Amino acid sequence: MLTAERAIEYYFAIVVIVGGLSVLLGVKYTLRTWRDLPKAGWRGRSFGLGLLALILASFLELPVLLLESWLALAFTAGFIEEIIKLLPLGFFRNSPGWEKWKLVIGTGLFLGLMEGILYIAGIIALGEDVYLISVRAVLIGLHTVWAAISIGFLLGGSGWGRFYGLAFSMAAHTLYDLPPLAVVQGLSAGAVAILGAVSTAFMLATPLMAKRAARLALKLVPEEESEEETEEPTSEFTF
């Protein structure tokens, strides 16, 4: 008989395999656009904003955590964390679009990395199953790819379509968190399995959305850069 605990073990195995492949493809598509854009000193600023994003997200999610409303926490985290990765749009509003694109992706990377380090430290300290470290590692990559999807659509899209990427990232993030939190909430194995299946569908769609977002972001290439590239192609890039 399938139990909720067994269902979540299956889900985590799917996350490592399907989520891991989705991250690899998403990063691949994002890097193609990254190297077509001008270089930018993104690491320091993205690290600072990633740290700020982590602090703000933790503070904003704390009331829901204290209420122990676990399903609400999944929706809250998905909404807040995907919005808060967009901090560079406010801090560097006068920067060119391509630079803001890189800074948002960098912020997503460092937010996921710092969050992942804290969770992995907790897994080790509490003596949890080692495979959970792989699950958290995949989430670091997903944080980065979701940020790339959100900002690619926002800066490269038009009309209401600009928000499709952000809406997708929020939904995918929420659905990623729902199955394990549903177990904590005490939902049935069937409910956990259904949530896991829907989350898997979003993970499968993630590379497709990342590819589309990367293509939209190509609109951010400065005209002078595009003209120079047609004259003398270059493969040099910094990530």
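The values are calculated or read from the model by the stated rules, or taken from the named source; none is laboratory data. Not measured: the values here are computed from a predicted model. Glycine also receives a Cβ, built like all others from the backbone with ideal geometry; neighbour counts cover every protein chain displayed. Side chains included, ligands, DNA and RNA excluded: accessible areas come from the protein's heavy atoms. Shrake-Rupley method; radii C 1.70, N 1.55, O 1.52, S 1.80 Å.
At a glance:
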| quantity | calculated |
| --- | --- |
| Which listed residue is under 18 Å from residue 12 (Cα atoms) and in a helix (DSSP H, G or I), from 137, 72, 147, 77 | 137 |
| Residue 59 being open to solvent by 50 Å² or more (accessible area, probe 1.4 Å), part of a helix (DSSP H, G or I), more than 19 Å from residue 139 (Cβ to Cβ) and among the aromatic types (Phe, Trp, Tyr) | yes |
| Residues that are farther than 13 Å from residue 132 by Cβ and among the β-branched types (Val, Ile, Thr), drawn from segment 104-122 | 104, 105, 107, 117 |
| Residues being under 14 Å from the mean Cα position of the chain (by Cα) and of a type in the set (Phe, Trp, Tyr) - total across segment 154-169 | 1 |
| Residue identified as crowded, with 20+ Cβ neighbours inside 10 Å, in a helix (DSSP H, G or I) and not polar (S, T, N, Q) among 105, 117 | 105 |
| Hey, residue 138 β-branched (Val, Ile, Thr), under 14 Å from residue 26 (Cβ atoms) and in contact (Cβ under 8 Å) with a residue 60 or more places away in the chain or not | yes |
| Residue list for segment 34-46, filter: open to solvent by 50 Å² or more (accessible area, probe 1.4 Å), in contact (Cβ under 8 Å) with a residue 60 or more places away in the chain and in a helix (DSSP H, G or I) | 43, 45 |
| Candidates 49, 31 - the one that is among the hydrophobic types (A, V, I, L, M, F, W, C), out of contact with any Ser or Thr (no Cβ under 7 Å at 6 or more places or on another chain), open to solvent by less than 60 Å² (accessible area, probe 1.4 Å) and within 19 Å of residue 98 (Cβ to Cβ) | 31 |
| Single condition residue 15 does not satisfy, out of (1) among the hydrophobic types (A, V, I, L, M, F, W, C); (2) within 30 Å of residue 188 (Cβ to Cβ); (3) outside any helix (DSSP H, G or I) | (3) |
| Any hit, segment 168-179, residues being of a type in the set (S, T, N, Q), buried (at least 24 other Cβ atoms within 10 Å of the Cβ) and not in a loop (DSSP other than H, G, I, E, B) | yes |
